[in-house]
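A.B. asks: I'd like to ask some things about the structure below.
Every read-out reported here was derived from the displayed coordinates using simple, explicitly stated rules and does not represent laboratory data. All values reported here derive from a predicted model rather than from experimental measurement. All Cβ positions, glycine included, derive from the backbone under ideal geometry; neighbour counts span all protein chains shown.
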Amino acid sequence: MLTNTELAFGDRFVCAQCGVDVTRANQRIAVAGSHRHRVPGPHGLEQEIGMFSLAPGCVPVGHFALDFSGGSDGEWRMGVCAHCGNHLGWQHQTADGIGFYGLILDHLSLAEETEADRD
């Protein structure tokens, strides 16, 4: 179940805290057969993340290895908004350099359409 339903229909996704562009709908990918996944969150609550091949507005930080799947061949690093530092999700990177982003859908908002978007 999608917790942030407006994201199912949008094109540009922004940081819910500051409004800076994070990624676009054409960057959605399926990982382990699905775009959306539920992962453990703080205080025992699950979070829903969406998988994206690129997220230019999300900056990976640190060397923190977190394994959501129990058998990952790579490392997850925390990802934060490049503008305000809000926690947006994680970046996964394998030893061979293949990577993707798992972004917390409740930490994203749909960008407002602009004149440039309509052209």
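A.B. asks: Explain nothing, just the number: relative contact order of the stretch 10-114, from Cα pairs under 8 Å at least 6 residues apart, as a whole percent. Let's see the in-between values first.
C.D. replies: Numbers: 225 pairs, mean separation 31.4, N = 105.
Averaging sequence separation for qualifying contacts and normalising by length gives 30 percent for the stretch 10-114.
A.B. asks: Another question, if that's okay. Treat each spin label as a single point 7 Å out from the Cα along the C-beta direction, and report the Thr94 to Asn26 distance in nm.
C.D. replies: 2.5 nm
A.B. asks: Now for a separate question. Which net charge results for the neighbourhood of Gly89, defined as the other residues with beta-carbon distances under 11 angstrom from its beta-carbon, given Lys and Arg at +1 and Asp and Glu at -1? Present the calculation step by step, with values, prior to reporting the outcome.
C.D. replies: Values: positive: Arg77; negative: Glu48, Asp106.
Cβ neighbours under 11 Å give a net charge of -1.
A.B. asks: Determine ³J(HN,Hα), in whole Hz, for all residues of the stretch 20-29 in sequence, where each value follows from phi through the Karplus function 6.51 cos²θ - 1.76 cosθ + 1.60 and θ = phi - 60°; x replaces Gly and Pro.
C.D. replies: Values, residue by residue: 6, 4, 10, 7, 10, 4, 6, 9, 4, 9 Hz.
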